[in-house]
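To start, the structure itself, in C-alpha cells.
Just so it is clear, none of the values below were taken in a lab; they were calculated from the coordinates. Computed from a predicted structure; not experimentally measured. We place every Cβ from the backbone using ideal geometry, glycine too, and count neighbours over all the protein chains shown.
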C-alpha cells in the first residue's frame, strides 16, 4: 500500500531501520541543542526551582519544548496573530467536553470545524510570522494553540516559558530567541535529510488537504507540515528516554491502541466497552489487536482500544491501587500530545509509533488497518 502520509517501514517487512535512525538522530538533536540552548535551559530550571512551579524534569524535555515552540511559531504564528476575534475560551472548553462526553463529540466536532476555518485560520494568517515574537505575540500563540485542541499540552508548557522570558532583559531575550529559532531552522533542514525518506508522501497529501479538510475539525491535525512529523518522531524517542525510569517502577502495564488497528470497523468489531475504553473479545483471529491481546495474556499486560481524543485522566494513579504504566500507540501527528497529557496526569508512559496512518475517520477514505513494530514494543515493555 502506498503510504497516506508517512511510513516507517518504507514498504519492507518491518520498521527496524527507522528505530536505529531515530535513536542516532535524537542523539544528534540533543548534542546540537546543548550547544546553543544549554544556558537558557539551565536558567529556566533554576527559575522553576526557585518559584516551585513544578517538579524539575529532564533537560531533554526542556529542549523538546523549546524546539516545539520554534516550529509551532513558524507554522501557526501567522494564524495566531491574525485571529483577533474568536471564541478562544469556548473552543478550548469544547476540546475538553468532547473527551468527557463522547456522545456529544459529533456535534462538537462539527461546530469546531466551522469555527476553526472561519475564525482560527483566516486567509491573512498564511503569512510567515516575524522571527522574533514579542511577549504579547507569545500570549496570542498560546491562546490560539489551546483553542485548536491539538496543542493544549504544548500551550500549557509555553506559558511557563513565557513567564520566564518576561524576567529577562531585552538583549538576552533577543539572543535567546535568535538561538531558539536558529535551532528550529537547523532541525527543519537536518531532519528532512535524515527522516525525509519516511515522510516523502506528506507534500503530495497536503496538496489536497485544503479542499478535503476545509470545514473539518481535524483540519490542523491532518495538515501538518513535514517538519512537525519529524518533530514528533524525535519527540517520541526523547519522551521514551525521559519517562523510562518512572515507567519501569510501575506495578502493572496497559497497552493503549487506536481503533484503526482493528480488522473490523465500528459496528462489526465485537470489542466490549469498559471504563478504560474498549476491550478486545477476540472476534477475529487475524486482527492485530486480538494478537496483541493474546500476547498480553501471556506476558502480563492489559490491552485496551482507546478512541482518538479520549480523556486520559482516567489513567491517573488512584489511592490504594497499583500504579499503572502505559504503552501508547498512535500515528505521528498525535502521539506526542498524548504523551505530554499522560505526563501531566502523572502516568508513567512509553510510546510506539504506528508504522503508518490509515484510519478511515482522518486519513484514508476506505480505512486501512494499521500496525506497529512488534520488536520495538517488546523492547519498550518491562522485562
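Dividing the Cα radius of gyration of region 225-293 by its Kirkwood radius returns 1.08 for Rg/Rh. Counting every other Cβ atom within 10 Å of each residue's Cβ, 362, 32 order from fewest to most as 32, 362. Arranged from fewest to most other beta-carbon atoms within 10 Å of their beta carbon, 101, 230 become 101, 230. Calculated from the alpha-carbon coordinates, region 249-380 shows an Rg and a Dmax of 14.1, 45 Å respectively. If you restrict to DSSP beta bridges whose two residues both lie in region 249-380, what percentage is antiparallel, to the nearest 5? In region 249-380, approximately 25 percent of DSSP beta bridges are antiparallel ones. A convex hull fitted to the Cα coordinates of region 30-97 yields 141 cubic angstrom per residue.
Given the chain, what percent of its DSSP beta bridges are antiparallel, to the nearest 5? Of all bridge pairs located within the chain, approximately 30 percent are antiparallel. Please compute the alpha carbon radius of gyration of region 156-255, then divide it by the globular-protein estimate 2.2 N^0.38 Å. Two decimals is fine. Its radius of gyration relative to the 2.2 N^0.38 Å reference: 1.44. Only Cα pairs under 8 Å and 6+ residues apart enter the sum, and on that basis the relative contact order of the chain stands at 20 percent.
Quickly estimate the mean residue ellipticity at 222 nm for the chain, helices only: each DSSP H run with n ≥ 4 gives -39500 (n - 2.57), and the total goes over all residues, rounded to 500.
Value at 222 nm, helices only: -18000 deg cm²/dmol.
One quarter of the surface of the convex hull around the alpha-carbon atoms of the chain equals 18.6 nm², the direction-averaged projected area.
Only beta bridges with both residues in region 236-308 are counted; by DSSP, about 50 percent of them are antiparallel.
Between helix 202-212 and the chain there is an angle of about 90 degrees, using the helix long axis and the longest principal axis of the Cα atoms. Shape summary: region 56-147 maps onto an equivalent ellipsoid whose semi-axes, from the alpha-carbon gyration tensor, are 25, 20, 10 Å in decreasing order.
Here 29, 380 are placed in order of increasing Cβ neighbour count within 10 Å, fewest first, which gives 380, 29. The modelled label-to-label distance for the pair residue 107/residue 169, using points 7 Å beyond Cα in the direction of Cβ, is 5.7 nm.
How long are the three semi-axes of the equivalent ellipsoid for region 16-233, computed from the Cα gyration tensor as the root of 5 times each eigenvalue, in whole Å, largest first?
In descending order the semi-axes read 28, 23, 17 Å.
A crude spin-label estimate for the pair residue 28 and residue 318, with each label 7 Å from Cα along the Cβ direction, gives 4.6 nm.
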